[in-house]
Amino acid sequence: MARLHIETTINGEPAEFLCDPHETLLSALRNGLGLTGTKEGCSTGDCGACSVIVDGRLVPACLVLAPEAQGRTITTIEGLSSGDALHPLQQKFLEHAALQCGVCTPGFIVAAAALLDAKPNPTEEETRFWLAGNLCRCTGYDKIIRAVLDTAAHIRESAV
Amino acid sequence: MSIPREFKYVGTRPIRHDGVDKVTGRASYGADAAWPGMLHGAVLRSPHAHARIVSIDTSAAERTPGVRAVVTGSDFPETTAALALGEAAIDLRDISESMIARTKVLYHGHAVAAVAATTFDIAKEAAEKIKVVYEPLEPVTDIDRAIAPDAPILHPTLKTKGAPEGATGPTNVASRLELKRGDVDAGFAEADVIVEREFRTAMVHQGYIEPHACIARCGEDGRAVVWCTTQGPFVVRDASAAIVGLDPAHVKVIPSEIGGGFGGKIVVYLEPLAIVLSRKAQRPVKMVMSRDEVFRATGPTSGSKIRVKLGARRDGRLVAARASLWYEAGAYRGSPVGAGAMCAIAAYKIPNFFIEAYDVVVNKPKVAAYRAPGSPMAAFAVESAVDDIARELKVDPIDLRLKNANREGDQAPYGPKYGPIGLEPLLETARRHPHWTAPLGPNQGRGFAVGFWFNAGMNSSATVTLNADGSAAVVTGNPDIGGTRVAQALMVAEELAIRSSASDQASATPTAAASPTSPAAAASAMRRAWP
C-alpha cells in the first residue's frame, strides 16, 4: 500500500510526514513525528487524552485520519509553551497541583487552551461542561477546574 | 508507635519535581519510548471465556512478510515458583498461565499467541491468521454458578485450601478461612436487635488512563532490558525472569512514568511476551495494549457476594457478628478475600464473631490489587448493616459507631493489638462538622461509613547522597505513582533539616541501580508525607 505524503503546519512550523491512508492523526503525531506529549488512552474518542487543536477546533486526534491533516494548522501540547516560558495554563496546573499521574494532563491543558481561546471569561459551569470530554482518574476534577478558572482570571488581569 | 511532632517541610505543597515535564508533555510514559530497530508486538486473544485449546497453527502468521517472531504458551517453561508481593503473595505458574494460555483459555481475552513484526499493523494482521481450534466449555461467570454442585470446573486439580476434613472432589473454591472470637450464638441470643442482609458487588476495573505498555530487548547472552509502565519494577524483574526462565540478575527493568495504576500495574501481562519475542527475533519489541485489551485481559477487583448478620443491645453495643464472604478470584486463585475478612469488622469492638471467607475461581480475568484490595466490598456490606442497626435503634449513625469504635490497645479481629488508629477522634471530628447537620437540598443525601486498611511499607529502601552545596539527592526503587518524588524529598528534607532535596531519579531508576522496594512502599511514603 502506497504511503501518503502529507504537508501540514504543527505548532507554527511547517511539517511533513508519510502515513497509511487508515492511520490516525494520533499515530502520525506520536509515531511519525515523535510528538508523544499527545497521549493515547482509549482510541475511541472517550477519554480526551489525545486532545489537539486543528484549525482552531478541539478534536481527539484518535478520531481524525492522518491524511486529513493536509494543509491544516495543528496545535499540540508541545506548542503551548513559548521559549523558556510555560503557557499560563501550564503554570496554573502546577500551582494548583491539578495533576497526579499526569497522563491526562496534556489533553486537559490543550482542551482548556481551546476553551480560553474561544471564551476568555468562562463560568465554572461552562468550564466543567467544556472539559467533560476529558477523563482524569487520579485527582478528581476540582483542582483542574480551579486551575483553568484561575488562568482565565490571570490572563484577563494581565491584559488590562 | 509514632510520636506527634511539628513538621517544617512535610505537609507543605511545593511544585512537584516532575510537574514541568508532565504539563509540557515531555514526561515519558510506557508507550512514549522508541528504541532503535524495534519491532511491534500484537497479541491474539481468546474469543471464548472457557474453552479447551485443541490446536494452534501459527504457520500462516510465520509466513507473513514482516513477521519476525511468533510465540505461544509452549514457548514458556513450566514454573512452580512463588513470589512474595507486598500486600499479597503471587503464584508464578498462575501468572504465567494467565499471561498466555496453555491447554485451556479461562477468560474472554486470554492471550493464546503473540507476534512481533516490523509494524504494528502487520503484527496484528498476522496474529489474526493464527488458527486456533477451541472446544468451548460452559463459562462460569458468577459466584452462585461457581459453587453449585454441578458447576463446570476451571482447574481439575484445584483443591480447597483450608477446607473442612473430608472435603474431596473437584471444586472452584480455592480456599476457605475463618476468623472467630467468643460465642457467636450466645452473642446473638443476648441481642435486642438483629439485622441480616446479603450484598453483591460487581467486578470493577482500576481504569487507569494509560494502557499497559513495554519495550523489551533480550540479547544473545540471555540478558534482558525491559522498559515498562509499572508500580513494581522489582516485581516485573522477578516475575518476568521466572516466567521466561532467566536469572533475575540478568533482567533489568526501567520503569517509565506511570499513567495511573491503582494496584492494577503490579502484575506482568506483556513484559514476558515481549522478552521472548525479542529473544526469538533478536530485536527490541514494543507492545502496547488497546483500551479494549486493558478491560478484557487485565486485573479488575473481585466481584463479591457477602452475607452479614449483626446483633446489638438496645444501648447500641454490638454484641455479635456473623459474615460470609465469597470473592471472585477471576480465572486463577488469589482474590483478596482474606483481607476482606480481616477488614470487615476491624473498626468495631464486637466480642463474639464468626467470619468465613471463600476464594472462588470464575471465567473472568485474574483479579489484581485495587486500592485496599478486598476491603471496600466488605466495608460496603458491613457499613450498610451498621446503618440498618442505627435505623432500627433510631440512633445517630456516628454515635452508634463511636459507641463501638476500636481504640488503641484493643485487639484487632485478625489478632494483634491496635496502635493509635485514630478512629474515635475521627468520628468525633466528623460529628462536630457542620456538614453532618446542614440542611439537605433537593436531590441531596448524606451517609456515613468507616473503612479500614493496614498501612504497610513492606520492604523498601532509599539511597540519599549529600551534594557539595548541601542539597540531597534521593534514589529509591519506587516509581512515582503521582507525587512520590516530592513526598520522599519532603521527608528527606525534614529528617536532614535542609531546605532542598531532589528525588528526580526516582521514577527512572532501573532495578539494577536501586534496592528492592515493594509497590506498597510508594503509597505508604505518600501517606506519610502528605498527612
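The values are calculated or read from the model by the stated rules, or taken from the named source; none is laboratory data. Everything numeric here is computed off the predicted structure, so don't read it as measured data. With ideal geometry, Cβ positions are generated from the backbone for all residues, glycine too; neighbour counts draw on all protein chains shown. Keep in mind that these areas ignore ligands, DNA and RNA; they rest on the heavy atoms of the full protein, side chains included. Shrake-Rupley method; radii C 1.70, N 1.55, O 1.52, S 1.80 Å.
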*From (1) touching a Phe, Trp or Tyr at 6+ places or on another chain (Cβ under 7 Å); (2) in a strand (DSSP E or B), pick out the condition that doesn't hold for A:Leu131.*
(2)
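Are any residues in the range B:29-64 out of contact with any strand residue (DSSP E or B) (no Cβ under 6 Å at 6 or more places or on another chain) and either open to solvent by less than 50 Å² (accessible area, probe 1.4 Å) or farther than 25 Å from B:Glu125 by Cβ (or both), and if so, which ones?
In the first step, residues of the range B:29-64 are kept if they are out of contact with any strand residue (DSSP E or B) (no Cβ under 6 Å at 6 or more places or on another chain); the result is B:32, B:34, B:36-37, B:47, B:49-50, B:53, B:59-60, B:63-64.
Residues satisfying the conditions are B:Asp32, B:Gly37, B:Ala49, B:His50, B:Ile53, B:Ser59, B:Ala60, B:Thr64.
Kindly indicate whether A:Cys62 is out of contact with any His (no Cβ under 6 Å at 6 or more places or on another chain), on the phi < 0 side of the Ramachandran plot, in a loop (DSSP other than H, G, I, E, B) and touching a residue at least 24 places away in the same chain (Cβ under 8 Å). Before the answer, list the steps.
Values: out of contact with any His (no Cβ under 6 Å at 6 or more places or on another chain): yes; on the phi < 0 side of the Ramachandran plot: yes; in a loop (DSSP other than H, G, I, E, B): no; touching a residue at least 24 places away in the same chain (Cβ under 8 Å): yes.
For A:Cys62, the condition - out of contact with any His (no Cβ under 6 Å at 6 or more places or on another chain), on the phi < 0 side of the Ramachandran plot, in a loop (DSSP other than H, G, I, E, B) and touching a residue at least 24 places away in the same chain (Cβ under 8 Å) - is not met.
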*Hits in the range B:240-260 (condition: in contact with a helix residue (DSSP H, G or I) (Cβ under 8 Å, 6 or more places away or on another chain), in contact (Cβ under 8 Å) with a residue 60 or more places away in the chain and in a loop (DSSP other than H, G, I, E, B))*: B:Ser256, B:Ile258, B:Gly259
*So which residues in the range B:447-503 are surrounded by fewer than 18 Cβ atoms within 10 Å (Cβ to Cβ), aliphatic (A, V, I, L, M) and part of a loop (DSSP other than H, G, I, E, B)?*
B:Ala449, B:Ala456, B:Met458, B:Ala468, B:Ala497, B:Ile498
*asked:* Filter the range B:200-234 down to the residues that are more than 14 Å from chain A (Cβ to nearest Cβ) and either open to solvent by less than 30 Å² (accessible area, probe 1.4 Å) or in a helix (DSSP H, G or I) (or both) and list them by number.
replied: B:Cys214, B:Ala216, B:Cys218, B:Gly219, B:Gly222, B:Ala224, B:Val225, B:Val226, B:Cys228, B:Gly232, B:Pro233, B:Phe234
*Has the range B:359-375 got any residue that is buried (at least 24 other Cβ atoms within 10 Å of the Cβ), in contact (Cβ under 8 Å) with a residue 40 or more places away in the chain and more than 21 Å from B:Ile90 (Cβ to Cβ)?*
no
*Which of the residues spanning the range A:74-116 are more than 8 Å from chain B (Cβ to nearest Cβ) and outside any helix (DSSP H, G or I)?*
A:Ile74, A:Thr75, A:Ser82, A:Gly83, A:Asp84, A:Ala85, A:His87, A:His96, A:Ala98
_Close pairs from the range B:15-42: first in contact (Cβ under 8 Å) with a residue 60 or more places away in the chain, partner part of a helix (DSSP H, G or I) and of a type in the set (Val, Ile, Thr), Cβ under 7 Å, at least 6 apart_ = B:Arg16/B:Val486; B:His17/B:Val486; B:Lys22/A:Thr105
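Identify all residues within the range B:272-289 that are open to solvent by 50 Å² or more (accessible area, probe 1.4 Å) and within 14 Å of chain A (Cβ to nearest Cβ); write none if there are none.
In the first step, residues of the range B:272-289 are kept if they are open to solvent by 50 Å² or more (accessible area, probe 1.4 Å); the result is B:279-280, B:282-283, B:288.
Correct list: B:Val288 only.
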*Tell me, which residue of the range A:81-90 that is in contact (Cβ under 8 Å) with a residue 12 or more places away in the chain and open to solvent by 30 Å² or more (accessible area, probe 1.4 Å) is nearest to B:Asp21 (Cα to Cα)?*
A:His87
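Out of the residues in the range B:235-256 that are within 22 Å of B:Gly483 (Cβ to Cβ) and of a type outside the set (A, V, I, L, M), state the one that is farthest from the other protein chains (Cβ to nearest Cβ). Explain how you work it out, then say what you get.
If we filter the range B:235-256 for residues that are within 22 Å of B:Gly483 (Cβ to Cβ), which is where we start, we get B:235-236, B:253-256.
Those left that are additionally of a type outside the set (A, V, I, L, M): B:255-256.
Details: B:Pro255: 13, B:Ser256: 10 Å.
Taking the candidates together, the pick is B:Pro255.
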*Which listed residue, of A:Gly37, A:Gly41, is facing another protein chain (nearest Cβ under 7 Å), farther than 23 Å from A:Ala152 by Cβ and crowded, with 20+ Cβ neighbours inside 10 Å*: A:Gly41
*Would you point out the residue of the range A:45-73, among those that are closer than 18 Å to A:Leu116 by Cβ and crowded, with 17+ Cβ neighbours inside 10 Å, that is nearest to the other protein chains (Cβ to nearest Cβ)?*
A:Gly48
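Please go through the range B:294-323 and pick out each residue that is assigned to a strand (DSSP E or B) and of a type outside the set (A, V, I, L, M).
Start the filter on the range B:294-323 by keeping residues that are assigned to a strand (DSSP E or B), which leaves B:300-301, B:304-312, B:318-323.
Matches in the range B:294-323: B:Pro300, B:Thr301, B:Ser304, B:Lys305, B:Arg307, B:Lys309, B:Gly311, B:Arg322.
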_When the residues of the range B:1-28 are narrowed to those that are in contact with a strand residue (DSSP E or B) (Cβ under 7 Å, 6 or more places away or on another chain) and within 8 Å of chain A (Cβ to nearest Cβ), which ends up nearest to B:Val226 (Cα to Cα)?_
B:Ser28
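Does A:Glu157 count as out of contact with any Phe, Trp or Tyr (no Cβ under 8 Å at 6 or more places or on another chain), more than 8 Å from every other protein chain (Cβ to nearest Cβ) and either open to solvent by less than 10 Å² (accessible area, probe 1.4 Å) or at pLDDT 95 or above (or both)? Give the derivation first.
Values: out of contact with any Phe, Trp or Tyr (no Cβ under 8 Å at 6 or more places or on another chain): yes; more than 8 Å from every other protein chain (Cβ to nearest Cβ): yes; either open to solvent by less than 10 Å² (accessible area, probe 1.4 Å) or at pLDDT 95 or above (or both): no.
Taking the combined requirement at face value, the residue does not satisfy it.
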